[in-house]
Amino acid sequence: MTNIYKINSKIKGKGIPIVLLHGFMENLEIWNYIYSNISTKKYKVLSIDFPGHGKSVFTEEKNTVFTMEKAAEIVKKIVKKENIQKAVFVGHSMGGYVALALAEKYPEMFLGLCLLHSTTESDTLEKKKNRIQSIQLAIHHYTLFITTSIKKLFHYEKLCSLQNQIGFANQIASNTHIHSIISFLKGMSIRKNRTFLLKTTKFPKLYIAGLYDRILDIKKIYEETKNGNQIYFFAIPTGHMGHIEKPKEIIKILENFIDFSIFET
């Protein structure tokens, strides 16, 4: 049976299309500052809620494995609905995994790709085990799962000064449907390695990594960037949530990437 998803999205501006894809237990509100402050004269900005996140309805059965490929097909439909032929896709963490799944099947849709605190690598055995274990914590101790998960995402030396941002992320995560949490955790755990796309795709790629990221090792991310062509790398002084820890810096990097790499291609 084919599920009909009621997907929430918003769009504004004119110019080069940018598609913002949020991470796990986030929604399009996580992009609020970037969405509101990136130039609307130069860019058309589209932001999307994945199923069970934000205002998008999750219609799957509770034992579903929601793959990155399935999420990518939803993104494709929304982008097509907005009459966007090609765009710069910006994916945070899980959003990057979805963007990569989309790029493998529909590379013609990409003007460029930004992996924001994300990776082309698949989960290690240890990471897969941790995701499956966290499902049980989410089921039996939902609030504890949310608070501990969110706290790990931020610059550990600046937790006191980032209380507003942490509270904002907690609020968003707490509104994520439990069945969606479980289904996407399973989907991320089985995602394929797509490092090959760094070589096979012709569009420019941008990595933005956090110096204090406790989810992804910045040294490994930097080594990953050596596996392809037209790749740009920026390290910023944040944890895993640069888009709300340092949104002004993210905007500057994105606009420079688009202006100097996309316009030249």
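Contact annotation: residue pairs with Cβ atoms under 6 Å, 6 or more positions apart or on different chains, pairing a residue in segment 26-51 that is free of Cβ contacts under 8 Å to residues at least 60 places away in the same chain with a partner that is in a helix (DSSP H, G or I), are Val45/Tyr35; Ser47/Leu28; Ser47/Trp31; Ser47/Tyr35; Ile48/Ile78; Asp49/Leu28. For segment 202-238, filtering for residues that are under 30 Å from His140 (Cβ atoms) and buried (at least 21 other Cβ atoms within 10 Å of the Cβ) leaves 1. Residues satisfying the criterion are present in segment 191-201 (criterion: modelled with pLDDT of 95 or more, over 17 Å from the mean Cα position of the chain (by Cα), surrounded by fewer than 17 Cβ atoms within 10 Å (Cβ to Cβ) and in a helix (DSSP H, G or I)). Can you find, within segment 171-190, the residue that is surrounded by the fewest Cβ atoms within 10 Å (Cβ to Cβ) among those that are polar (S, T, N, Q) and under 17 Å from the mean Cα position of the chain (by Cα)? If we take residues in segment 171-190 being polar (S, T, N, Q) and under 17 Å from the mean Cα position of the chain (by Cα), then Ser189 is surrounded by the fewest Cβ atoms within 10 Å (Cβ to Cβ). Applying the set (1) hydrophobic (A, V, I, L, M, F, W, C); (2) surrounded by 15 or more Cβ atoms within 10 Å (Cβ to Cβ); (3) part of a helix (DSSP H, G or I) to Leu137 leaves exactly one unmet item: (2). On the stretch given as segment 211-251, residues that are in a strand (DSSP E or B) and out of contact with any strand residue (DSSP E or B) (no Cβ under 9 Å at 6 or more places or on another chain) total 0. Pairs meeting the criteria (first residue in segment 130-154 and charged (D, E, K, R), second residue part of a helix (DSSP H, G or I) and at pLDDT 95 or above, beta carbons under 7 Å, at least 6 apart or on different chains) are Arg131/Leu185; Arg131/Met188; Arg131/Ser189; Lys151/Ile166.
Can you tell which of Thr119, Thr143, Thr59 is assigned to a helix (DSSP H, G or I) and of a type in the set (Val, Ile, Thr)? The unique qualifying residue is Thr143.
Looking at segment 1-51, which of its residues are small (Gly, Ala, Ser), buried (at least 22 other Cβ atoms within 10 Å of the Cβ) and outside any strand (DSSP E or B)? Hit for segment 1-51 is Gly23, nothing else.
Every condition in (1) in contact with a Lys or Arg (Cβ under 8 Å, 6 or more places away or on another chain); (2) in a helix (DSSP H, G or I); (3) among the charged types (D, E, K, R); (4) surrounded by 13 or more Cβ atoms within 10 Å (Cβ to Cβ) is met by Glu108 except one, and the failing one is (4).
Being buried (at least 19 other Cβ atoms within 10 Å of the Cβ), in contact with a helix residue (DSSP H, G or I) (Cβ under 7 Å, 6 or more places away or on another chain) and not hydrophobic (A, V, I, L, M, F, W, C) is the filter; apply it to segment 61-103 and report the residue that is farthest from Gly13 (Cα to Cα). Going through the qualifying residues, I end up with Thr64.
Here's the yes/no breakdown for (1) in contact with a helix residue (DSSP H, G or I) (Cβ under 6 Å, 6 or more places away or on another chain); (2) modelled with pLDDT of 95 or more:
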residue: Ser118; (1), (2): yes, yes
residue: Ser122; (1), (2): no, yes
residue: Leu125; (1), (2): no, yes
residue: Gln133; (1), (2): no, no
residue: Gln136; (1), (2): no, no
residue: Phe145; (1), (2): yes, yes
residue: Ile150; (1), (2): yes, yes
residue: Leu153; (1), (2): no, yes
residue: Lys158; (1), (2): no, yes
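The values are calculated or read from the model by the stated rules, or taken from the named source; none is laboratory data. Treat the numbers as computed from the prediction; the structure is a model and nothing was measured. Reconstructed Cβ throughout: ideal geometry from the backbone, glycine too, with neighbour counts over all protein chains shown.
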